[in-house]
1. Per 10 Å bin, what percent of the C-alpha pairs of the chain does each bin hold, from zero upward?
2. Which order do the peptides 77-88, 49-60 take when ranked by the mean count of other beta-carbon atoms within 10 Å per residue, highest first?
3. What is the Rg over Rh value, at two decimals, for region 1-66, using alpha-carbon atoms and the Kirkwood definition of Rh?
4. Taking the Cβ of V68 as the center, what net charge do the other residues with Cβ under 13 Å away carry, scoring Lys and Arg +1 and Asp and Glu -1?
5. Could you pull out every one of the aspartates and glutamates with an alpha carbon less than 18 Å from that of K24, ignoring same-chain neighbours closer than 8 positions?
6. If you average the sequence gap of Cα pairs under 8 Å that are 6 or more apart and divide by the length of the chain, what percent do you get for the contact order?
Amino acid sequence: MTAFVVSIGSNVLEREAMMSRTVKWLEEQFDDVRVSEIYETPEYSRRYDPYFNCVASASTCMSLDDAVKLMKEWEMKCGRTHQSKITGKVVIDLDIVIWNDSVVRPKELSRDYFLRGYRMLFQ
């Protein structure tokens, strides 16, 4: 089994419901799921609406590529489109930050929207 840590965020009107649905989905797809509290952070560029964020840890027998693909499929099922980056409306965003003790998204490690939840889980 491979352990991983994923950043979760949403900044649409129904963001609380989207976060809850996504956490439930993660629990159905992966093993040993632990989730931080949900908290609000400003959008990184401060041009768009604030986000609800949380961080989850889990484990899986999947490869990194398969896990990322599954999460991107979930984002699209929830209504995320390529236009989301342009409009700044993100229904749900799932990003694996740490995979098997390796940092795969180094920028996230310095961002408050990730660090707050990470500290809740690991400190």
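Here, each number is a calculation from the coordinates, and none is a lab measurement. On a predicted model such as this, the values are computed, not experimentally measured, just so you know. Using ideal geometry, Cβ is built from the backbone for each residue, glycine included, and neighbour counts are taken over all protein chains shown.
1. P(r) over the chain, rounded to whole percents: 13, 49, 34, 4.
2. With the highest mean Cβ count within 10 Å placed first, the list reads 49-60, 77-88.
3. Result for region 1-66 is an Rg/Rh of 1.03.
4. Here the charged neighbours net out to -3.
5. Hits, sequence-local ones excluded: E14, E16, D32, E37, E73, E75, D93, D95.
6. It comes to 38 percent, rounded to a whole number.
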